[in-house]
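Where a number appears in this text, it was derived from the coordinates with a stated rule and is not lab data. Note that the coordinates shown come from a computational prediction; the quantities given were computed from them, not determined experimentally. Every residue, glycine among them, receives a Cβ derived from its backbone with ideal geometry; neighbour counts consider all protein chains shown.
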Amino acid sequence: MAFAAFSSNTPNKNSGQPVKSGKIVLALLLPGLIYLAMFFFIPLVALIQTSLVKRVSTPSVHFDPAWNWQNYADVISRYWPQITRSFGYAFVATLVALLISYPLAYFIGVKVRHRPVLQRLMVTLVIAPFFISFLLRTIAWKQLLADHTPIMEFVHQIGWLQPSQSFIGSGPAVVFGLIYNFIPFMTLPLYTTLERLDVRFLEAGSDLYASPSKVFRKITLPLSMPGIISGTLLTFIPIAGDYVNASQDFLGSEKTSMIGTMVVQDQLVTNNPQTATALSVLLMGMILVLVTIYVRRAGTEELL
Amino acid sequence: MRKLAIGRFIFPLYALLALVFLLIPIVYTFVFSFNQARRRNTIWNGFTLDHWANVCSRQDLCDALGTSLTISFISTLIATILGTALAIALVRYRFRARSAVSLSLFLPMATPEIVMGAGLASLFFSLGIERGMFTVILAHVMFCLSFVVTTVKARVQMLDPTLEEAASDLYATPTQVFWKVTFPLLVPGIMAAALLSFALSFDDFIITYFNAGNVTTFPLFIYVAAKGGLPPEANVIASSVFILAILIVVATQVYGNLKKKRLALAK
């Protein structure tokens with residue numbers, strides 16, 4: 001699995017022959033699997049079921065069990081802007097996060113390899129944002145990038161933004177927040193792959209007169225593909241379903257609403273669980289399709 | 001050669017800038033925990049230690065913290081036990097549905113939180129279960145489980161099976177082998193998984209938001225307070241949690257180093 005690169009940094013060479021199964025394996029597996037079935041798979045079924053009910057508003061709001069596929073048509077026509085925005089933001093943010101993270105991960109994983117203490121310190125700093133509340137981190141940026149802060153005065157002065165324009169509430173502000181919040185998820189898997197990169201391959205490449213850019217394209221990049229795949233998945237998926245950054249109380253405005261915004265609004269504010277769940281099912285389905293295509297593509301390229 | 005010299009200078013500078021960028025909001029949160037402000041903690045008014053001295057002057061905030069700690073502790077405990085068992089089974093035993101089990105454990109990690117949150121809310125709604133601390137714990141165990149499995153699995157894969165074989169050759173029963181050999185060797189992985197799942201649970205907002213009912217966790221408190229103005233005490237709590245977490249990470253690394261050195265000496 002692509003995700004394996006996220007946590008395992010040793011190749012599976014010592015595991016030997018797995019022992020034969022029996023009652024023990026059942027005892028080990030069953031509790032966890034039953035839990036998974038009850039609170040992951042059954043909720044997915046409940047989600048699909050709810051996405052098909054019919055909302056009746058007279059005499060009072062209630063929901064009739066049905067096969068009301070109309071909910072999906074409603075959701076697609078009503079929330080099309082949010083759907084394209086979510087995937088657009090996720091695409092841009094993932095790409096930028098990759099471009100920012102790769103050199104950082106390369107530096108930590110390859111360049112400071114001979115100084116383990118510094119390396120470990122840098123890894124700790126990369127994961128440090130995990131230890132402070134996600135919401136507070138986002139609020140911090142909201143306040144740092146609000147109008148009339150030193151940063152924004154500077155941005156206005158050099159003319160990146162018109163004096164009348166605020167940054168907070170705009171699409172770029174939301175994408176900025178998404179990039180910031182998910183960089184560690186990109187950097188970590190890249191680091192675990194690059195840390196294992198055998199530099200002798202790179203030396204061999206340059207010994208054979210390959211230019212540095214050719215060494216990078218033909219050796220470093222293909223060897224770091226597992227990290228790139230798991231990093232991009234670990235950022236793209238949560239970003240596509242993010243609720244916090246685009247919310248009006250954080251970095252967004254009503255012009256930046258994403259799929260998550262609409263799911264929360266329909267489920268928790270306007271009491272429309274049928275559209276909230278239909279939109280969730282749609283999001284999950286689109287992600288699964290995209291991920292499958294992506295992993296297949298990347299997988300074959302890796303072989304070339 | 002000239003190119004190399006430039007590269008030598010640019011790379012560290014870039015890494016430094018990137019790390020500074022990552023740390024800016026943390027420093028900001030820490031600095032503003034010392035701000036003389038009551039509700040709208042957005043403009044610097046001067047230095048004070050009041051918020052650190054009287055964190056619980058906002059009783060509701062401390063209650064939310066207590067709730068979060070309870071939820072994270074219970075969820076971590078359950079998820080770690082279930083996940084460790086799954087990880088051992090997946091690496092050590094060969095059974096027919098093994099790849100199917102792996103895939104179904106991977107799926108929750110590929111599911112956006114919003115989907116999982118809405119799904120669980122639909123389930124609790126259709127079963128008529130009232131949402132509260134209980135439903136939040138059920139949800140947290142769920143999303144921590146896969147991360148525990150992945151983390152512990154990596155450790156089980158590193159384990160040398162000859163050690164266990166040696167123990168059984170010396171007439172240890174399977175139970176003894178597990179508790180005297182396997183388990184102690186897995187402890188670092190299990191600890192890492194528990195810390196990860198505690199951090200995930202403590203910081204979770206979306207899934208909790210969907211399933212909390214009237215319960216207020218620390219992230220939910222921040223979310224609600226953010227609309228009206230966040231009290232500086234929230235910064236105090238977040239900063240303390242941050243310092244504590246960093247201390248734990250550093251302590252485990254130092255401990256790991258010492259152990260490695262001792263092993264090297266023994267050899």
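The table that follows gives values for the structure above.
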quantity: For the range B:144-163 and the range A:43-90, distance of Cα centres in Å; calculated: 40 Å
quantity: Structure-based [θ]222 nm, chain A - -39500 (n - 2.57) summed over DSSP H runs of at least 4, per residue, nearest 500; calculated: -20000 deg cm²/dmol
quantity: Radius ratio Rg over Rh of the range B:190-259, counting only Cα atoms, Kirkwood formula for Rh; calculated: 1.09
quantity: Dipole moment magnitude, nearest 20 debye, the range B:59-230 about Cα centre, only Lys, Arg, Asp, Glu C-beta charged; calculated: 440 debye
quantity: 12 Å beta-carbon shell around B:Ala193, net charge (K/R +1, D/E -1); calculated: +2
quantity: Calculated from backbone phi, Karplus (6.51, -1.76, 1.60) coupling profile of the range B:16-30 in Hz, x at Gly/Pro; calculated: 4, 4, 4, 5, 4, 4, 5, 8, 3, x, 5, 4, 4, 4, 5
quantity: Helix-only [θ]222 nm of chain B, DSSP H runs n ≥ 4, -39500 (n - 2.57) each, per residue, nearest 500; calculated: -25500 deg cm²/dmol
quantity: Per-residue Cβ neighbour rank within 10 angstrom, fewest leading, A:Ser211, A:Ser247; calculated: A:Ser211, A:Ser247
quantity: For A:Lys54, residues with placed amide H under 5 Å, excluding near neighbours; calculated: A:Asp64, A:Ala66
quantity: Greater than 26 Å apart at Cα, pairs in A:Lys23/B:Lys259; B:Lys180/B:Lys261; A:Lys255/B:Lys227; A:Lys111/A:Lys218; calculated: A:Lys23/B:Lys259
quantity: Isolated Cys in the protein assembly as shown, by beta carbon distance under 4.7 Å; calculated: B:Cys144
quantity: Positive-pole candidate from B:Thr175, B:Leu145, B:Phe218, dipole of the protein assembly as shown, charges at beta carbon; calculated: B:Thr175
quantity: Whole-number D in µm²/s for chain A (Stokes-Einstein; Kirkwood sum over Cα pairs; 37 °C, 0.692 mPa s); calculated: 145 µm²/s
quantity: Whole-Hz ³J(HN,Hα) from phi, Karplus 6.51 cos²θ - 1.76 cosθ + 1.60, for the range A:208-218, glycine and proline x; calculated: 8, 6, 7, 6, x, 5, 6, 4, 5, 5, 8
quantity: Unit Cα scatterers, Debye sum, the protein assembly as shown: log10 I(q)/I(0) for q = 0.08 Å⁻¹; calculated: -0.59
quantity: The range B:1-117: mean projected area of Cα convex hull, nm²; calculated: 15.3 nm²
quantity: Separation of the A:Ile76 and B:Phe21 label points, Cα + 7 Å toward Cβ, nm; calculated: 3.8 nm
quantity: Unit charges on C-beta of K, R, D, E only; dipole of the protein assembly as shown, Debye; calculated: 1680 debye
quantity: 12 Å beta-carbon shell around B:Ala37, net charge (K/R +1, D/E -1); calculated: +1
quantity: Phi to ³J(HN,Hα) by Karplus 6.51 cos²θ - 1.76 cosθ + 1.60 over the range A:251-264, Hz, x for Gly, Pro; calculated: 9, x, 8, 5, 7, 10, 4, 10, 4, x, 4, 6, 4, 4
quantity: Residue among B:Phe95, B:Thr208, B:Leu195 farthest towards the positive dipole end of the range B:59-230, charges placed on Cβ; calculated: B:Phe95
quantity: Per-residue average of Cβ from other chains inside 10 Å of B:96-102; calculated: 2
quantity: Given charges at beta-carbon only (K, R positive; D, E negative), |dipole| of chain A in Debye; calculated: 860 debye
quantity: Rg [Å, one decimal], Dmax [Å, integer] - the range B:59-230, C-alpha atoms; calculated: 19.0, 67
quantity: Farthest toward positive dipole pole in the range A:79-303 [+1 Lys/Arg, -1 Asp/Glu at C-beta], among A:Leu194, A:Phe167, A:Gln157; calculated: A:Leu194
quantity: Average beta-carbon neighbours from other chains, 10 Å sphere, peptide A:205-218; calculated: 0
